[in-house]
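**Student:** This is the structure I have questions about; it appears just below.
Nothing in this text is a laboratory measurement; each read-out follows from the coordinates by a stated rule. If you're wondering where the values come from, they're calculated on a predicted model, not measured in any experiment. No Cβ is skipped: glycine too gets one built from the backbone with ideal geometry, and neighbour counts run over all protein chains shown.
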Amino acid sequence: LSLCGMETFANEARVAGKQVYDVALEKRATNVQSILTKDFTFASPNEAAKAFQQVESEKDLSVNTFLTNLMDVVREELAASVADLEKLDLWLRLNTPTISDGNHFGVEVQAEVRARIVSAKNGQKAALESLHDYHWQRGQALEKLKKETTEESANDKVTTTGGKEDGQTVAKESSRTSSKSSTPLADYIAYRVGIDAKYYIQLQSTMVELLHDTVCVYDVMQKNMEKVLHPHGRDSDRGRGMY
């Protein structure tokens, strides 16, 4: 990119960051609050476990569609929030003033605000990356519940000879399949239900934390916006593309 192109890119990034602050944060908080009210209907792990126990038979090896659908919703909200926080972070980085002697208080305030944004972003990224652990842990429980099937095959050879004729070999091949099953241990069934209940509460907690992150990021930016945008004061920003 040319110098002119880089400045255009920087200005577009500033506009995108301000748009997140002006619109996206409030919209996300409203949306997350709505999801918590509408989709997370169980008040406790025990209540969730009882509900899952009623719909999951001991021989049911299918996924918990209620939980996986909920996980999709949480994943989308986390990914969108991380993207927005990236825009806010870049906006603040582009508003970092020229390094100079003295008058660093505003810069320190700006750095503290940015640190809180980065902390929220990193926490949400970690939560996003941990979602796939559910399938692994649940799969381990289901492995103990599935029906064991073994297949056996056998090849039989019969050799016949007669008179002056050369010996002839007749090959007969047969296969048979046998299966065995047993009643799964009650603890394995309870473990599977427990995993579902645990991840339900984890998803709920993740959404609550996402709501808190969103509100706190907006709050700290609103309280310190003057220092965020003009850490050395408005006069020092003359000639710079500030938003």
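**Student:** Explain nothing, just compute: Karplus ³J(HN,Hα) = 6.51 cos²θ - 1.76 cosθ + 1.60, θ = phi - 60°, for every residue of the range 4-13 in order, whole Hz, x for Gly and Pro.
**Tutor:** My calculation for the range 4-13 gives 5, x, 5, 5, 4, 4, 5, 5, 5, 5 Hz in order.
**Student:** Here's something else I'd like to know. Give me the one-decimal nm value for the distance between modelled label points at Thr41 and Trp136, 7 Å along each residue's Cα-to-Cβ direction.
**Tutor:** So the two model labels end up 3.2 nm from each other.
**Student:** Of Lys38/Lys227; Lys198/Lys223; Lys38/Lys121; Lys18/Lys198; Lys27/Lys223, which pairs sit farther than 30 Å apart, going by alpha carbon to alpha carbon?
**Tutor:** Too far apart for the 30 Å limit: Lys38/Lys227; Lys198/Lys223; Lys18/Lys198.
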